[in-house]
1. What residue, of A:178, A:119, is among the polar types (S, T, N, Q) and modelled with pLDDT of 90 or more?
2. If you check every pair at least six apart or on different chains, which have Cβ atoms under 7 Å apart with a residue in the range B:199-216 that is outside any helix (DSSP H, G or I) first and a residue that is open to solvent by 10 Å² or more (accessible area, probe 1.4 Å) second?
3. Restricting attention to the range A:116-160, report how many residues are within 21 Å of residue A:185 (Cα to Cα), under 29 Å from the mean Cα position of the chain (by Cα) and either surrounded by fewer than 19 Cβ atoms within 10 Å (Cβ to Cβ) or away from every other protein chain (no Cβ under 11 Å) (or both).
4. Quick one: which of A:220, A:195 is hydrophobic (A, V, I, L, M, F, W, C), in contact (Cβ under 8 Å) with a residue 60 or more places away in the chain, open to solvent by 30 Å² or more (accessible area, probe 1.4 Å) and outside the structural domain of residue A:434 (by TED's automatic domain parsing)?
5. Answer with yes or no whether residue B:148 is out of contact with any helix residue (DSSP H, G or I) (no Cβ under 9 Å at 6 or more places or on another chain) and open to solvent by less than 50 Å² (accessible area, probe 1.4 Å).
6. Which one is farthest from residue B:273 (Cα to Cα), of the residues in the range B:212-224 that are at the interface with another protein chain (Cβ under 10 Å from one of its Cβ atoms) and either at pLDDT 95 or above or open to solvent by less than 40 Å² (accessible area, probe 1.4 Å) (or both)?
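The values are calculated or read from the model by the stated rules, or taken from the named source; none is laboratory data. All values derive from a computational prediction rather than experimental measurement. As a convention, Cβ positions derive from the backbone with ideal geometry for all residues, glycine included, and neighbour counts pool all protein chains shown. Calculation scope for accessible area: heavy atoms of the full protein, side chains included, ligands and nucleic acids excluded. Shrake-Rupley method; radii C 1.70, N 1.55, O 1.52, S 1.80 Å.
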Amino acid sequence: MTDLVRLTGIEKRFPGVHALRQAQFDLRAGEVHALMGENGAGKSTLMKVLSGIYQPDGGRIEVSGQTVTVPGPRAAQTLGIGIIHQELALMNDLTVAQNIFIGREPRRSFGRLDEARLNADAAAIFAQMKVTIDPRAEVHSLSVAKQQMVEIAKALSFNSRILIMDEPTAALNEAETNELFAIIRRLKSEGVGVVYISHKMDEIRRISDRVTVMRDGAYVGTVQAADTPIETIISMMVGRDLETLPVEIPDLGAAPVALEVRGLRRGRAIRDVSFAVKRGEILGFAGLMGAGRTEVARAIFGADPREGGDIIVHGRPVMVRSPRDAVAAGIGYLSEDRKHFGLALGLDVRANVAMTSLARFRNAIGVLNEAALEATARRYIAQLAIRTPSDRQEVRLLSGGNQQKIVIAKWLLRDCDILIFDEPTRGIDVGAKAEIYRLMQGLAAEGKAIIVISSELPEVLRLSHRIAVMCEGRLTGILPGGPGTSQEEIMRLATVRQGAVEEAIA
Amino acid sequence: MTTLPAAAPARKATSGAQQKLLAFASLIVLLIFFSVASPNFLQTSNILAILQATSVNGVLAIAATLVIITGGIDLSVGTLMTFCAVMAGVILTNAGMPLPLGVIGAIAIGVICGTISGVLIAKMKIPPFIATLGMMLILKGLSLVISGTKPIYFNDTPGFSEISTGSLIGQVFPSVPVPNGVLILFVLALVIGYVLNRTVLGRYCFALGSNEEAVRLSGVNTDAWKIAIYALAGGICGIAGLIIASRLNSAQPALGLGYELDAIAAVVIGGTSLAGGRGSILGTMIGALIMAVLLNGLRIMSVAQEWQTVVTGGIIIAAVYADMLRRRRAAS
């Protein structure tokens, strides 16, 4: 029997990134084939190639034994390929039925719509799926789970034999997940092939037949889901070839605690998170995408509201209701998205360094002291080895690594001694990464308390004196840093799914 | 409980519907207030004057509604109207062509200019605000250049002024001589209201404004539809050009700037979201009427014209703020 889908030797490059390297994948009728890998492993990219959203730079796509090209989403639909994106792609202001048949509305003459047939057709699909959703309800009035069902109905409406689901349960609770799985099993029995992308190990075991693992855009291997231990899949995902320099862990036994967080809570995003960071310590935060690490950082920094929890800085409880309060308490947050939240790209180095401390450089009537600004900028350029022609250079012209240093300078100038780095080396090339690491280690040695959020396990292992691991808004464990802790251990904590139990109670 | 689709509105009394209701209630309150304040207000002649005054802004607001529902904006509606009027003058007065050609020509020019805006926005990815700002200035300039900055009169084309000021209804019911300009406005509102709610083009207006990327990923040729929507809006501006030229019996090339803001104001007061995805022609009509009633009523009460502008500005802010409040409450 021929496979529904066979992808071989798929290549895809984006500017600066080799996203897919000889990637391969196959899908049979009536199976659920899980596609796994760490963040950025290329799973979603590969599926976007299959569904016509990206065009591959090389390789072959076969559907039911025929070599095909998929020039666009419409072509994918014709081939019977439906994709349900990680971020739901629905039009909130339209009704359920209007969403399902967007682009294929039943028409009468002169472009008039046949609304009655539209609703009837949608109702027929829901009947077939055995779910009850009113086709005339506007999508924004539905729960996320129901919206997910609408996406599935949409995919089924053009008789998809190949259904791609990219993290479909990310926003679902246990009961909703069960409902989704029931539908997947029904589809399976009707011969539909399902590609299932997920990070959740327990789900993979429950729903999938085979598991294919990708790493760094390449194919690693395919195993049977039923008789493969989770450990094997994890080690396939993280690989063993990544070298990790041993981290030197200072003795912080007597060091005072710089920041303590107790019982931090916000809805499902942050569930009772407590930890402490000492002066001179680097605390790493590991976890998969959506684990709630950035949410914790933003809540501590006052960028998002929190429902509960105390923030204690140098032994004193502080009220943090806005980033302004956090900065006043000496907490600096270096966003993962420097270009949006960290820098004014069109301004020069001098202006950016002083951005949060301008009050210090102005006289009584608000005129800025340019000489002092220049001196300060030059001091940090020298101290952090920022490579720039001058302090008047526009920041957008500098490399990612040097931009990151300017953000660091900004917070140092503001006297922040608790620094939260969110993905500090995202978009920074390998050489500059090492320099940022040394800089962070230097800051810790000076007595700053540092929190590092990173999705790259080697980075967490390389930097952290201790490693906090999160999963689904919960702190699932704090591991010691250094060679004693393996990537496998972190991954296990990052995929502990306790949510099910407590949601059932709540 | 009926199973007709008409049963739906009760359940989805959404922010847009509420805003429409609020706007309608405001209109009624204004009408009551002015009729109590001034005995002249409810005279048939005055009501007809209000409707007449609504016709141009109303038609332009219908064009603006289409574009705003897609999440875009069209700043060129006013000067495009003038440009179409000038081109009608060129065709009828300067070239001496027959009346139907002038009408078709003006609308066609509108469609062409709308298509150009659409291509700038959909294909060249210029933000709608900038693209239509550019078009606004280009068309204003062209109107002045082509006309030699002088008005073009339609004295040689008998029947042209009938387009707006004649009254087909008056011929049948002499007691209510509703001018044709008003008739055109209401017929257009019905037609575009139908297009918006019952045709594919209308569906894509809402869909584009709601989530353009999702529409594109569904395999819809979003660029082509967007261009079509701007083209339709352009054609409607052509109709507005005919109405205003007919009423003035001349194409006034210096006119047009500022009309786009009145049109957008009517759309916003009528509950159409500038964020796109929701809105209605009925709301826009109510919005345009509110503006006209207010101006007329204040004038009858001898309030200085400068103050009328101030009040209109206040109403826009109040209308949008009321909408924001409700939406925030609905969200929480």
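1. A:119
2. B:199/A:111; B:199/A:112
3. 11
4. Selected residue: A:220, the only one of A:220, A:195 that is hydrophobic (A, V, I, L, M, F, W, C), in contact (Cβ under 8 Å) with a residue 60 or more places away in the chain, open to solvent by 30 Å² or more (accessible area, probe 1.4 Å) and outside the structural domain of residue A:434 (by TED's automatic domain parsing).
5. yes
6. Of the range B:212-224, the ones at the interface with another protein chain (Cβ under 10 Å from one of its Cβ atoms) are B:212-222.
Narrowing further to those that are either at pLDDT 95 or above or open to solvent by less than 40 Å² (accessible area, probe 1.4 Å) (or both): B:214-215, B:217-220, B:222.
On the way: B:214: 19, B:215: 19, B:217: 24, B:218: 24, B:219: 26, B:220: 23, B:222: 20 Å.
The qualifying residue farthest from residue B:273 (Cα to Cα) is B:219.
To keep it simple, each residue is scored yes or no on (1) within 30 Å of residue A:252 (Cα to Cα); (2) among the β-branched types (Val, Ile, Thr); (3) open to solvent by 20 Å² or more (accessible area, probe 1.4 Å).
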{"site": "A:366", "(1), (2), (3)": "no, no, yes"}
{"site": "A:377", "(1), (2), (3)": "no, no, no"}
{"site": "A:385", "(1), (2), (3)": "yes, no, yes"}
{"site": "A:388", "(1), (2), (3)": "no, yes, yes"}
{"site": "A:449", "(1), (2), (3)": "yes, no, no"}
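Yes/no per residue for (1) under 19 Å from residue B:196 (Cα atoms); (2) under 13 Å from the mean Cα position of the chain (by Cα); (3) surrounded by fewer than 22 Cβ atoms within 10 Å (Cβ to Cβ):
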{"position": "B:228", "(1), (2), (3)": "yes, no, yes"}
{"position": "B:233", "(1), (2), (3)": "yes, yes, no"}
{"position": "B:249", "(1), (2), (3)": "no, no, yes"}
{"position": "B:261", "(1), (2), (3)": "no, yes, yes"}
{"position": "B:268", "(1), (2), (3)": "yes, yes, no"}
{"position": "B:281", "(1), (2), (3)": "yes, yes, no"}
{"position": "B:303", "(1), (2), (3)": "no, no, yes"}
